[in-house]
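Each remark here refers to the structure printed beneath this line.
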Amino acid sequence: MILKKIKDKIFDLPLLFNTIRYILVGGKSRLNKEIFDAIKPKEDEKILDIGCGTCEFSELINSKYIGIDLNKSFLKKAKKKFPDRILMEMDAKNINFGKKSFDKILMMNFLHHFSDEDCKIILNEAKMVLKNKIVIEDNIIPTKGFINKLLVKLDRGDYIRTKDQEIDLVKEFFKIGEIKTFKSGFYEFIVIIGHK
């Protein structure tokens with residue numbers, strides 16, 4: 001309990017969070033490549049990033065980008081770094097946009113912070129505002145490696161799932177188009193591309 005509080009305090013500092021993530025995932029190049037290949041952003045698209053955090057992934061997008069998150073310190077840092085982006089404090093369980101407002105939705109390293117019950121609410125909200133394609137990237141329970149498994153235990157998210165658990169959760173709301181798993185640094189990731 002005390003370790004969790006310390007960990008959460010540390011990870012609430014955006015600069016420290018980004019630095020630690022950069023080290024643990026082995027830089028950003030592999031992760032960014034996988035995400036960019038999944039998103040395939042087009043200039044005329046409107047893209048919603050749910051749980052945008054510090055908006056590090058917005059660098060990959062040349063479309064109209066809107067990011068939502070509840071972490072005020074992360075949004076403050078993101079607004080300084082990306083002043084041209086639309087960033088809003090908003091609960092993913094109560095998305096205040098009209099139906100089919102976005103061509104694509106992103107959820108990057110996000111769902112493992114929520115219980116299955118909350119994820120279902122979030123995914124349903126996303127489905128309502130989505131026109132076309134959702135890209136979900138998340139870390140998953142590693143299949144091997146002591147250090148990898150230890151890092152999962154220390155992760156801020158309390159709901160890291162297996163590959164199959166993540167897929168089952170998403171397919172309740174979206175038709176699965178493509179699934180890819182990969183390793184970067186000490187983590188294993190899944191990218192799920194879904195459609196309405």
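Looking at the stretch 122-129, can you tell me whether even one residue there is free of Cβ contacts under 8 Å to residues at least 12 places away in the same chain, of a type outside the set (Phe, Trp, Tyr) and either in contact with a Leu (Cβ under 9 Å, 6 or more places away or on another chain) or farther than 25 Å from Thr54 by Cα (or both)? No - not one qualifying residue is present in the stretch 122-129.
Please work out which residue is surrounded by the fewest Cβ atoms within 10 Å (Cβ to Cβ), limiting yourself to the stretch 79-121 and to residues that are among the small types (Gly, Ala, Ser) and in contact (Cβ under 8 Å) with a residue 40 or more places away in the chain. Ranking the qualifying residues of the stretch 79-121, first place goes to Ser115. A Cβ distance below 8 Å, combined with a sequence gap of six or more or placement on separate chains, defines the contacts here; from the stretch 168-188, residues that are within 15 Å of Asn109 (Cα to Cα) reach residues that are of a type in the set (Ser, Thr, Tyr) and outside any loop (DSSP other than H, G, I, E, B) in the pairs Glu188/Thr181. Checking each residue in the stretch 56-88 for being in contact with a strand residue (DSSP E or B) (Cβ under 9 Å, 6 or more places away or on another chain) and among the hydroxyl-bearing types (Ser, Thr, Tyr) picks out Ser58, Ser63, Tyr65.
Taking the stretch 62-80 as the range and being under 23 Å from Glu166 (Cβ atoms) and part of a loop (DSSP other than H, G, I, E, B) as the test, the residues that pass are Leu70, Asn71.
In the set (1) more than 17 Å from Ile39 (Cβ to Cβ); (2) touching a strand residue (DSSP E or B) at 6+ places or on another chain (Cβ under 8 Å); (3) not acidic (Asp, Glu), Asn124 fails one condition alone, (2). Screening the stretch 81-196 for helices (runs of 4 or more DSSP H) wholly inside it with 2 or more residues that are among the acidic types (Asp, Glu) and on the phi < 0 side of the Ramachandran plot returns the ranges 116-129, 163-171.
Laboratory data are not the source of any read-out in this text; all were calculated from the coordinates shown. These numbers come from a predicted model, not from an experiment. All Cβ positions, even for glycine, are placed from backbone atoms using ideal geometry, and neighbour counts span all protein chains on display.
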